[in-house]
Amino acid sequence: MEATQANLTQTPGGTAANPPLISVIILNYNGAKWLERCLASLRQQTMFGQTEIIVADNRSSDGSDLLAEKLVRDWPNGRFLQNGSNLGFCEGNNRGARIATGKFLFFLNNDTWLEPDCLEVLLRETERASADAATPLVMNFDDDSFQSLGAGGFDLFGLSTARISHPDTREVFMPEGCSYLIRREWFEKLGGFDAEFFMFADEFDLSWRLWMTGGKAMAVPAARLHHRGAANVNPKGGGAVVELRTSDTKRFFTNRNSLLVLLKNAKNVLLLLALLQLGLLALEMVVGLVLVRRWGFIKRAYLDAVADCWRLRGHILAERARLGPLRRRSDWWMLRFLRKRFNRWDEILRLRKYGLPKVTAS
């Protein structure tokens with residue numbers, strides 16, 4: 001189905017001669033519970049007049065598509081884009097980016113709300129650091145408790161590392177996916193989000209490509225944003241997460257895509273991390289079989305994930321060939337982002353807090 005979009009009326013900060021400084025792209029899929037507050041916080045931004053807001057909808061079934069179109073209809077800098085089907089996080093956001101006109105793109109989850117000067121501070125600090133991508137400080141939805149400030153690097157298994165709080169603007173390997181700022185020219189140069197990923201690990205892949213081709217990303221704690229997280233997969237608890245919940249499909253995409261990041265982007269020595277990651281998945285598969293006691297979960301989340309990487313071997317080779325001429329930094333240079341703290345340690349901490357996850361088949 002062809003995507004359709006609402007007409008755009010330009011503001012003084014968004015004419016053809018004077019395009020908006022930033023295009024905020026909100027991918028929506030059944031986000032009726034969250035969307036209104038998210039958009040209200042954008043309307044209250046101190047630099048709202050220099051901002052373009054695009055809501056791209058993946059054919060929601062909860063009426064949030066109609067709500068979004070209604071909310072931005074009278075905004076002079078608002079646009080609504082109906083993607084026509086559930087294209088996933090990656091291609092859904094790519095569609096929004098294609099109609100964006102801002103110097104920067106800000107990919108924003110619908111289960112977020114921004115403090116009034118968030119965009120202003122984020123852009124100011126990004127420009128000051130001459131960075132190409134950035135993330136604000138991400139706090140929990142209902143209060144100011146810390147959630148994330150991007151990932152500082154990757155661990156021995158090639159997985160993104162823990163999110164560490166710090167008071168000053170500094171380099172970060174991976175800006176947070178719920179609030180990912182990137183210069184539009186860089187997003188286009190890198191080829192956008194990889195549509196084959198569909199969802200999960202997409203920001204890790206984009207960030208790896210950014211760094212290896214000569215870019216730089218920053219974390220800006222003075223810019224503040226609130227995020228629920230896992231709103232569709234783990235909805236219980238309202239604004240606060242009260243349990244762990246996952247699904248066969250989520251684990252499939254997470255496991256498959258984490259391998260794809262390495263297979264696409266590592267040049268030589270870092271490809272060894274893919275072997276270590278396969279060993280980790282084998283261990284987790286055994287543990288998962290003991291805890292979940294359902295073969296369908298093991299097959300979908302682990303065996304199918306690895307098999308699908310093989311199915312995508314043509315895509316992997318094509319991406320390696322495409323990115324080869326753009327590469328400016330070797331695997332040896334990228335080793336500066338290798339961290340001692342394991343990604344799975346934070347999952348263990350969540351297990352201690354919430355108990356074993358509830359795993360659904362969908």
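When every residue of the range 283-296 is checked against the conditions, none turns out to be of a type in the set (A, V, I, L, M) and under 30 Å from residue 188 (Cβ atoms). Residue count for the range 117-138 satisfying the condition of being surrounded by fewer than 19 Cβ atoms within 10 Å (Cβ to Cβ) and either farther than 17 Å from residue 42 by Cβ or touching a helix residue (DSSP H, G or I) at 6+ places or on another chain (Cβ under 8 Å) (or both): 5.
Scanning the range 48-87 for residues that are of a type in the set (Ser, Thr, Tyr) and either open to solvent by less than 10 Å² (accessible area, probe 1.4 Å) or closer than 12 Å to residue 28 by Cβ (or both) yields 51, 60, 61, 64.
Just one residue in the set 73, 59, 98, 37 is among the basic types (Lys, Arg) and under 17 Å from residue 23 (Cβ atoms); that residue is 98. The number of residues in the range 352-362 that are more than 19 Å from residue 253 (Cβ to Cβ) and exposed (fewer than 14 other Cβ atoms within 10 Å of the Cβ) comes to 4. Considered as a group, the residues in the range 285-339 that are within 16 Å of residue 248 (Cα to Cα), without any contact (Cβ under 8 Å) to a residue 40 or more places away in the chain and not β-branched (Val, Ile, Thr) include one that is least open to solvent (accessible area, probe 1.4 Å), and that residue is 288.
All of (1) within 27 Å of residue 343 (Cβ to Cβ); (2) touching a Leu at 6+ places or on another chain (Cβ under 8 Å); (3) among the hydrophobic types (A, V, I, L, M, F, W, C); (4) open to solvent by 10 Å² or more (accessible area, probe 1.4 Å) hold for residue 99 with one exception: (1).
The set of residues from the range 15-46 being part of a helix (DSSP H, G or I) and open to solvent by 50 Å² or more (accessible area, probe 1.4 Å) comprises 36, 37, 43. Scanning the range 264-284 for residues that are polar (S, T, N, Q) and buried (at least 19 other Cβ atoms within 10 Å of the Cβ) yields a total of 2.
Scanning the range 134-177 for residues that are within 22 Å of residue 273 (Cβ to Cβ) and either β-branched (Val, Ile, Thr) or not in a loop (DSSP other than H, G, I, E, B) (or both) gives 151, 154, 160, 161, 163, 164, 171, 172, 174.
The values are calculated or read from the model by the stated rules, or taken from the named source; none is laboratory data. Since we're looking at a predicted model, the values are computed, not measured. Cβ: placed from backbone, ideal geometry, glycine included. Neighbour counts: every protein chain shown. SASA here: full protein model, heavy atoms, side chains in, ligands and nucleic acids out. Shrake-Rupley method; radii C 1.70, N 1.55, O 1.52, S 1.80 Å.
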